[in-house]
Amino acid sequence: MKTDSFDIDGPLSITPDVYKDDRGDFLETFSERAFIEVGVKSTFVQDNQSRSLKNVLRGLHFQNSPYAQGKLVRVSKGAVLDVIVDFRLDSPTLGRHLKVVLDDIKCQLLWVPPGFAHGFLALEDDTVFNYKCTGYYHKESESGIIWNDPDLAIEWGIKDPIVSSKDQSLPSYRQVS
């Protein structure tokens, strides 16, 4: 397993070893021991999956404290542009974002610590996105930031993504920060 950090402290890109032969391939998508060794010392309590058409944009979502969730995300089919925004009030990188392409070829995972808003754009039809969460979904604590917030200036690579009415009505970064 290979890990890479970013210029924003906390998130990690994790690329597992993929074993390929003439039958296909095999990889370990989660090992508590291996993840503890690379600094992901969280207990996961819930697994989620979404399936999306090409150009569907989901997010940017987060849960407020004390129900903030860490997420270990990956794509099991297709590809996404995954975006996270540092929303930790005491962070020197508050308001900065990272973009990572995740796909089913490289099989990489992204560790998104608690305190980050998260969203993704499906780059292929029938994209399957999986994520392990460190906390349970708590409806009263859910929040988010509008995907096209001008203060964040995230370049999604698309002008008119398919966005739910719920996500279209999310507040601006200034409204929630």
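Overview of values
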item: Subset of segment 12-29 [touching a residue at least 24 places away in the same chain (Cβ under 8 Å) and in contact with a strand residue (DSSP E or B) (Cβ under 6 Å, 6 or more places away or on another chain)]; result: L12, S13, I14, T15, P16, V18, L27
item: Those residues of segment 1-23 which are open to solvent by less than 40 Å² (accessible area, probe 1.4 Å), under 15 Å from R74 (Cα atoms) and not in a strand (DSSP E or B), in sequence order; result: P11, P16
item: Subset of segment 91-113 that is under 14 Å from the mean Cα position of the chain (by Cα) and open to solvent by 60 Å² or more (accessible area, probe 1.4 Å) - its residue that is farthest from L53 (Cα to Cα); result: K99
item: Qualifying residue in segment 118-141 (condition: under 15 Å from G70 (Cβ atoms) and part of a helix (DSSP H, G or I)); result: yes
item: Odd one out for K54, checked against (1) part of a loop (DSSP other than H, G, I, E, B); (2) open to solvent by less than 70 Å² (accessible area, probe 1.4 Å); result: (2)
item: Only one of F30, F26, F35, F62 that is more than 30 Å from R174 (Cβ to Cβ), of a type in the set (A, V, I, L, M, F, W, C) and either part of a strand (DSSP E or B) or at pLDDT 95 or above (or both); result: F26
item: Unique residue being modelled with pLDDT of 95 or more, touching a Pro at 6+ places or on another chain (Cβ under 8 Å) and farther than 19 Å from G39 by Cα when the list is L94, L121, L81; result: L121
item: V40 vs. criteria in contact (Cβ under 8 Å) with a residue 60 or more places away in the chain, aliphatic (A, V, I, L, M) and either in a loop (DSSP other than H, G, I, E, B) or out of contact with any Phe, Trp or Tyr (no Cβ under 7 Å at 6 or more places or on another chain) (or both); result: yes
item: Of all residues making up segment 145-170, the number that are over 17 Å from R96 (Cα atoms) and part of a loop (DSSP other than H, G, I, E, B); result: 9
item: Scan of segment 123-154 for residues that are open to solvent by 70 Å² or more (accessible area, probe 1.4 Å) and in contact with a strand residue (DSSP E or B) (Cβ under 8 Å, 6 or more places away or on another chain), ordered by number; result: E124, Y136, Y137
item: Yes/no for Q49 being under 25 Å from I145 (Cα atoms), in contact (Cβ under 8 Å) with a residue 60 or more places away in the chain and in a strand (DSSP E or B); result: yes
item: Of all residues making up segment 69-90, the number that are open to solvent by 10 Å² or more (accessible area, probe 1.4 Å) and under 12 Å from I8 (Cβ atoms); result: 2
item: Filtered residue count, segment 79-100, keeping only those that are out of contact with any Phe, Trp or Tyr (no Cβ under 8 Å at 6 or more places or on another chain) and either at positive phi or assigned to a loop (DSSP other than H, G, I, E, B) (or both); result: 6
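The values are calculated or read from the model by the stated rules, or taken from the named source; none is laboratory data. Only a predicted model underlies this, so the values are computations on that prediction, with no experimental measurement involved. Every residue, glycine as well, gets a Cβ built from its backbone with ideal geometry; the counts of neighbours run over all protein chains shown. For accessibility, only protein heavy atoms count, side chains too; no ligands or nucleic acids. Shrake-Rupley method; radii C 1.70, N 1.55, O 1.52, S 1.80 Å.
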